[in-house]
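Notes follow the structure.
Bear in mind that the values in this text are calculations on the coordinates, not laboratory data. Keep in mind the model is a prediction, meaning the values are calculated, not measured. Glycine gets a Cβ as well: all are built from the backbone with ideal geometry, and neighbour counts include every protein chain shown.
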Amino acid sequence: MTHKDVFGSAALPINIGELDQAKKRNTLLIGPILILSISTLVLVFSSEALVDALSATAQRFNLSAFFTGVFLLPLFGSAAEFVVSLRAAQRNRMDLAVASTVGSSVQIILFVLPALVLVGAYIGKPLGIFFSPQAMVAVIVAVFSVEWVSSNGDLDWFEGSFLLMVYLLLLISSFYLL
């Protein structure tokens, strides 16, 4: 048995110094939790302002809700993720760049969207999720493109150009068709 001195005796001696260190660790956690809470509140209000400004702009320029939600909102809403991906790519950490970008999309689809549906049903404002056939084709093209590029574990200029072309194709087609 390992650590016989800890588990061997029936009564463990209380060391006042260890209790003081534990209290210091707990008080040290208060600062980061407070900063995280304040940052979350600022993010909530700034996100609300971003969505309001984007919806007003979309109405002014007669942009479809699909185009605004799929291209404009993520473009402006995930600026921090974009910076992380760029810095990771500059440092030749493509695994981190791709994981950051793809992981965020997976998190939205697998957690946020179902949570919004459940919360909407709970508060009496049901959220229906409906994708038009054209939107489903766009999603399938995007998923298969990312899977094709990331399946072999490396990325070269051709695959990067391919992803940019797929993005531009989906952008233009959603602007005019959806």
Under a Cβ-only charge scheme (Lys and Arg +1, Asp and Glu -1), can you give me the dipole magnitude of the stretch 75-178 about the Cα centre, in debye to the nearest 20? 360
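Could the peptides 95-107, 46-58 be put in order, highest first, of the mean number of other beta-carbon atoms found within 10 Å of their residues? Display every interim value, and only then the final one.
On the way: 95-107: 15.1, 46-58: 12.8.
Highest-to-lowest ranking by the protection proxy: 95-107, 46-58.
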Counting other C-beta atoms within 10 Å, and keeping those with at most 13, which DSSP coil chymotrypsin sites (Phe, Trp or Tyr not before Pro) do you find in the stretch 39-90? PHE61
Exactly which trypsin sites (Lys or Arg not before Pro) in the stretch 84-151 are in a DSSP loop and have at most 15 other Cβ atoms within 10 Å? ARG91, ARG93
Those chymotrypsin sites (Phe, Trp or Tyr not before Pro) from the stretch 84-178 that are DSSP loop and have at most 11 other Cβ neighbours within 10 Å turn out to be PHE130, PHE131
